[in-house]
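**Student:** Okay, here's the structure, questions in a sec.
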Amino acid sequence: MSDDHPSRPRIISPDTLRGDPQDRTPPGQKLTSKWPVLHHGKVPQIDPYDGGWRLKIFGQVEEPYEMDYEQLRAMPAIDVVCDMHCVTHWTRLNNTFTGVPTKSILERAKPKASARFVMCHSEAGFTVNVPLKEFLAEDSILAYQWEGKDLTPEHGWPLRGLVPRLYLWKSAKWIRGIELRATDAPGFWEQGGYHMHGDPWSEERFGW
Ligand SMILES: Nc1nc2c(c(=O)[nH]1)N[C@H]1C(S)=C(S)[C@@H](COP(=O)(O)O)O[C@H]1N2
Ligand SMILES: [Mo]
């Protein structure tokens, strides 16, 4: 894949405009230039072109649908420049991810007025709940590249959620399904005590 896409829209995540690195570092966080790997379980090795991969959109929508990887990659992509904040206290500034806006993915399914929350479903049964408001923010995408290169399997290849306005655990690696819901329900880490919302600026780390 060529990285040369001069016409691809570029969205600057609003929190990157807060000022110097210190102003961009939420309370209780420390800056890192590395990108640590964190998840539960084994890294799945996925060939999204082998015919078995599908992304499913379902739940509180008029028109549930699924698509294969070619269809996903044919959708108009954007670049998002954002900071990553992990609940384990590291923050990494100035990341450029490439992928498809969550808005374009969901619009096609015609969300019902009752839809208020999203449950992301990943390989091996992992789930994470995200309020629809942050999931649909203009800087939220389903990402397949970071800094112009395909994501590595450790970081979520072939596709991961990216919700820069919340702690990074809300960004599901190896995503395969998006379920729209009328009510909130805890995902994998939330069942273990992580916060239902997860705003890094008000340190919504644990507890509901
Ligand atoms: N499928 C899946 N996605 C996941 C997780 C997981 O366990 N499984 N962990 C989350 C957590 S706790 C974090 S901090 C980030 C880490 O992303 P990274 O490894 O790319 O830094 O992934 C999130 N996405
Ligand atoms: Mo995490």
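**Student:** Scan the stretch 132-160 for residues that are within 16 Å of ligand 2 (Cβ to nearest atom) and either closer than 14 Å to residue 96 by Cα or surrounded by fewer than 24 Cβ atoms within 10 Å (Cβ to Cβ) (or both) and jot them down. Walk me through how you get there before you give the answer.
**Tutor:** Keep residues of the stretch 132-160 that are within 16 Å of ligand 2 (Cβ to nearest atom), which gives 154-156, 160.
Result: 154, 155, 160.
**Student:** Ok, one more. Residues in the stretch 85-134 that are away from ligand 1 (no atom under 11 Å from the Cβ) and either in a loop (DSSP other than H, G, I, E, B) or not aliphatic (A, V, I, L, M) (or both): how many?
**Tutor:** Count: 24.
**Student:** Can you tell me which residue within the stretch 181-191, out of those that are near ligand 1 (Cβ under 10 Å from one of its atoms) and more than 20 Å from residue 46 (Cβ to Cβ), is least open to solvent (accessible area, probe 1.4 Å)? Before the answer, list the steps.
**Tutor:** Filtering the stretch 181-191 down to residues near ligand 1 (Cβ under 10 Å from one of its atoms) leaves 187-189.
Checking the rest, the ones that are also more than 20 Å from residue 46 (Cβ to Cβ) come to 187, 189.
Values: 187: 0, 189: 76 Å².
Within the stretch 181-191, the match that is least open to solvent (accessible area, probe 1.4 Å) is 187.
**Student:** Among the residues of the stretch 52-84, which ones are open to solvent by less than 60 Å² (accessible area, probe 1.4 Å), more than 30 Å from residue 19 (Cα to Cα) and either outside any loop (DSSP other than H, G, I, E, B) or touching a helix residue (DSSP H, G or I) at 6+ places or on another chain (Cβ under 8 Å) (or both)?
**Tutor:** Within the stretch 52-84, 53, 55, 57, 59, 61, 65, 67, 69, 72, 73, 75 meet the criteria.
**Student:** Give 25, 88 a once-over and let me know the one that is closer than 16 Å to residue 199 by Cα and in contact with a strand residue (DSSP E or B) (Cβ under 7 Å, 6 or more places away or on another chain). Working first, answer last.
**Tutor:** On the way: 88 fails: in contact with a strand residue (DSSP E or B) (Cβ under 7 Å, 6 or more places away or on another chain).
Among 25, 88, only 25 is closer than 16 Å to residue 199 by Cα and in contact with a strand residue (DSSP E or B) (Cβ under 7 Å, 6 or more places away or on another chain).
**Student:** Does the stretch 66-83 include one or more residues that are of a type outside the set (Phe, Trp, Tyr) and within 16 Å of ligand 2 (Cβ to nearest atom)? I'd like the intermediate steps shown before the answer.
**Tutor:** At the first step, the residues of the stretch 66-83 found to be of a type outside the set (Phe, Trp, Tyr) are 66-68, 70-83.
Checking which are within 16 Å of ligand 2 (Cβ to nearest atom) leaves us with 83.
Yes - at least one qualifying residue is present in the stretch 66-83.
**Student:** Scan the stretch 192-208 residue by residue and report those that are within 23 Å of residue 80 (Cβ to Cβ), open to solvent by 10 Å² or more (accessible area, probe 1.4 Å) and in contact with a His (Cβ under 7 Å, 6 or more places away or on another chain).
**Tutor:** Residue satisfying the conditions is 204 alone.
**Student:** Then there's this: Scan the stretch 38-46 and give yes if some residue there is open to solvent by less than 20 Å² (accessible area, probe 1.4 Å) and at pLDDT 95 or above, otherwise no.
**Tutor:** no
**Student:** State all residues of the stretch 22-50 that are away from ligand 1 (no atom under 14 Å from the Cβ) and small (Gly, Ala, Ser); if no residue qualifies, say none.
**Tutor:** Selection gives 28 alone.
**Student:** If I ask for residues that are in a strand (DSSP E or B) and open to solvent by less than 10 Å² (accessible area, probe 1.4 Å), which ones from the stretch 161-180 would you list?
**Tutor:** Just the residues of the stretch 161-180 that are in a strand (DSSP E or B), to begin with: 161-162, 175-180.
Hits for the stretch 161-180 are 161, 162, 175, 177, 178, 180.
**Student:** Let me ask another. Being polar (S, T, N, Q), more than 12 Å from residue 83 (Cα to Cα) and open to solvent by 40 Å² or more (accessible area, probe 1.4 Å) is true for just one of 7, 33. Which residue is that? Step through it out loud before you land on a result.
**Tutor:** Values: 33 fails: more than 12 Å from residue 83 (Cα to Cα).
Criteria check complete, one pass: 7.
**Student:** Still on this model: Give the residue, chosen from 127, 98, that is crowded, with 21+ Cβ neighbours inside 10 Å and either more than 10 Å from the chain's Cα centre (by Cα) or farther than 15 Å from residue 57 by Cα (or both). Steps first, answer last, please.
**Tutor:** Values: 127 fails: crowded, with 21+ Cβ neighbours inside 10 Å.
Only one candidate qualifies: 98.
The values are calculated or read from the model by the stated rules, or taken from the named source; none is laboratory data. A quick note: this is a predicted structure, and the numbers were derived from the prediction, not measured. Don't worry about glycine lacking a Cβ; one is built from the backbone with ideal geometry, like all the others, and counts go over all protein chains shown. Ligands, DNA and RNA are stripped out before the accessible areas are found, and what is left, the full protein with its side chains, is counted by its heavy atoms. Shrake-Rupley method; radii C 1.70, N 1.55, O 1.52, S 1.80 Å.
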